[in-house]
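Student: Sharing a structure, written as structure tokens. Questions coming.
The values are calculated or read from the model by the stated rules, or taken from the named source; none is laboratory data. Source: prediction; values computed, not measured. Cβ placement follows ideal geometry from the backbone for every residue including glycine, while neighbour counts extend to all protein chains displayed. Just the protein is used for accessible areas: all its heavy atoms, side chains included, with ligands, DNA and RNA removed. Shrake-Rupley method; radii C 1.70, N 1.55, O 1.52, S 1.80 Å.
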Amino acid sequence: MTPRQLITDAKNTWCPGCGNFTIQHTLKNVLADLEREGTLLDNVVLVSGIGCHAKIADYLNINSFYTLHGRTIPVATGIRLANPGLSVICCCGDGDCYAEGLDHLLFAAKRNIDLTVIVHNNRVYGLTTGQYTPTSPLGFKGKSTPRGTLENPLNPVELMLAAGATYVARGYTKKMDQLRTLFREGISHRGFAFIDVLQICATFFPAADYYTPRVYDLNGHDPSRFEDACMKAREWDYTTDAPIALGTFYRRQSPVFEAHTKGPGPGTAGRDKAVRELLEKRG
Ligand code: SF4
């Protein structure tokens with residue numbers, strides 16, 4: 001399979017200039033790289049939610065599962081538990097997994113289940129024409145908030161660090177080369193990998209003029225240091241004029257959840273042994 005064949009012939013309905021194109025083509029390039037290096041793409045599954053982002057399941061020619069709103073993570077979790085031989089990539093929206101699906105996201109990170117979660121964070125509900133999401137800035141004016149929101153946005157990077165994610169990164173759709181590196185790292189990481197992508201919504205939140213002058217690369221940052229990662233995550237709270245760090249905030253190795261779910265059922269000696277081993281490894 002060549003990179004060209006990874007794009008289906010389904011009619012693409014994203015708006016011109018939409019950051020989803022960058023995410024789609026970056027993921028396509030990473031998958032093509034992996035295949036050239038020997039990965040069997042039949043063992044890769046893409047799971048999407050509901051929203052503009054979710055159409056990526058129609059546009060990329062790999063196994064995919066188009067789920068319900070906010071339910072990307074539980075479906076992906078089920079796939080991993082049923083067949084740990086599969087590599088599962090989740091494409092979620094910010095209105096999707098930071099709102100209705102937030103509990104699933106937090107618990108998947110807490111469990112360190114081996115998923116790669118790519119959040120198309122355009123900070124608006126684009127498919128339903130411009131309502132505010134959990135990451136929309138304070139004062140955001142949209143269909144549901146014509147006078148501006150009264151809420152501060154969530155900081156997903158900080159949230160994922162607190163929840164226990166073992167790989168945490170942030171990319172930007174105007175930085176495609178870096179995004180490629182982050183997707184590659186996330187997919188290669190054994191454990192819960194989270195990549196928040198600042199995605200331009202060309203129609204309802206065209207924020208490139210805000211992001212582009214503020215972003216910088218986390219060069220020299222040591223991703224093994226949790227406190228430093230938290231400090232960097234808090235530097236920009238999704239609202240202010242502070243510099244916006246891009247790159248890998250945090251990475252560590254830890255036993256994955258699904259490694260301990262095989263064998264005899266819950267409550268049996270085999271399961272108890274697996275839990276004991278997990279506790280010992282985690283210290
Ligand atoms: Fe992209 Fe926004 Fe158009 Fe949706 S509404 S396709 S996110 S530009």
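Student: List pairs: first in the range 180-204 and under 19 Å from VAL215 (Cα atoms), second in a helix (DSSP H, G or I) and among the acidic types (Asp, Glu), Cβ under 9 Å, 6+ apart or cross-chain?
Tutor: ARG180/ASP33; ILE195/GLU185; ASP196/ASP94; GLN199/ASP94
Student: Before we move on, is VAL44 touching a strand residue (DSSP E or B) at 6+ places or on another chain (Cβ under 9 Å), hydrophobic (A, V, I, L, M, F, W, C) and open to solvent by less than 10 Å² (accessible area, probe 1.4 Å)?
Tutor: It is true that VAL44 is touching a strand residue (DSSP E or B) at 6+ places or on another chain (Cβ under 9 Å), hydrophobic (A, V, I, L, M, F, W, C) and open to solvent by less than 10 Å² (accessible area, probe 1.4 Å).
Student: Take the conditions assigned to a loop (DSSP other than H, G, I, E, B), away from the ligand (no atom under 16 Å from the Cβ) and either aliphatic (A, V, I, L, M) or surrounded by 22 or more Cβ atoms within 10 Å (Cβ to Cβ) (or both) and apply them to LEU154. Does it pass? Explain how you work it out, then say what you get.
Tutor: Details: assigned to a loop (DSSP other than H, G, I, E, B): yes; away from the ligand (no atom under 16 Å from the Cβ): yes; either aliphatic (A, V, I, L, M) or surrounded by 22 or more Cβ atoms within 10 Å (Cβ to Cβ) (or both): yes.
Spelling it out, LEU154 is indeed assigned to a loop (DSSP other than H, G, I, E, B), away from the ligand (no atom under 16 Å from the Cβ) and either aliphatic (A, V, I, L, M) or surrounded by 22 or more Cβ atoms within 10 Å (Cβ to Cβ) (or both).
Student: Going by the structure shown, is ILE79 in a helix (DSSP H, G or I), open to solvent by less than 20 Å² (accessible area, probe 1.4 Å) and either touching a residue at least 12 places away in the same chain (Cβ under 8 Å) or β-branched (Val, Ile, Thr) (or both)?
Tutor: No, not satisfied.
Student: Which pairs turn up if I take residues in the range 13-40 that are within 16 Å of the ligand (Cβ to nearest atom) and look for partners that are among the charged types (D, E, K, R) and open to solvent by less than 60 Å² (accessible area, probe 1.4 Å) with beta carbon separation below 8 Å, at least 6 apart in sequence or on another chain?
Tutor: Close Cβ pairs (under 8 Å, with a partner that is among the charged types (D, E, K, R) and open to solvent by less than 60 Å² (accessible area, probe 1.4 Å)) amount to THR13/LYS55; TRP14/LYS55; ASN20/LYS55.
Student: Could you tell me which of the residues ASP237, ASP209 is within 16 Å of the ligand (Cβ to nearest atom) and either open to solvent by 40 Å² or more (accessible area, probe 1.4 Å) or small (Gly, Ala, Ser) (or both)?
Tutor: Criteria check complete, one pass: ASP209.
Student: Would you confirm whether any residue within the range 81-100 is in contact with a Gly (Cβ under 7 Å, 6 or more places away or on another chain), farther than 29 Å from GLU35 by Cα and more than 16 Å from the ligand (Cβ to nearest atom)?
Tutor: Yes, there is a match, as at least one residue in the range 81-100 is in contact with a Gly (Cβ under 7 Å, 6 or more places away or on another chain), farther than 29 Å from GLU35 by Cα and more than 16 Å from the ligand (Cβ to nearest atom).
Student: List the pairs whose first member sits in the range 236-250 and is part of a loop (DSSP other than H, G, I, E, B), whose second member is open to solvent by 50 Å² or more (accessible area, probe 1.4 Å), and whose Cβ atoms are under 7 Å apart, counting only residues at least 6 apart or on separate chains?
Tutor: TRP236/PRO243; THR239/LEU138; THR239/ASN152; ALA242/GLU235; PRO243/ARG214; PRO243/TYR216; PRO243/GLU235
Student: Kindly provide the set of residues from the range 51-65 that are within 16 Å of the ligand (Cβ to nearest atom) and open to solvent by 70 Å² or more (accessible area, probe 1.4 Å), ordered by number.
Tutor: ASP58
Student: Can you name the residue in the range 101-131 that is crowded, with 24+ Cβ neighbours inside 10 Å and more than 15 Å from the chain's Cα centre (by Cα) and, of all such residues, is nearest to the ligand (Cβ to nearest atom)?
Tutor: GLY126
Student: Counting just the residues of the range 181-204 that are outside any loop (DSSP other than H, G, I, E, B), out of contact with any Phe, Trp or Tyr (no Cβ under 8 Å at 6 or more places or on another chain) and closer than 17 Å to SER87 by Cα, which one comes out farthest from the ligand (Cβ to nearest atom)?
Tutor: So the residue we want is SER188.
Student: Further question: For the range 190-197, indicate whether the set of residues that are more than 16 Å from CYS97 (Cβ to Cβ) and surrounded by fewer than 17 Cβ atoms within 10 Å (Cβ to Cβ) is non-empty. So that I can check it myself, show each step before the final result.
Tutor: Initial filter on the range 190-197 (more than 16 Å from CYS97 (Cβ to Cβ)): 190-191.
Next, only the ones that are surrounded by fewer than 17 Cβ atoms within 10 Å (Cβ to Cβ) stay: 190.
The answer is yes; a qualifying residue exists.
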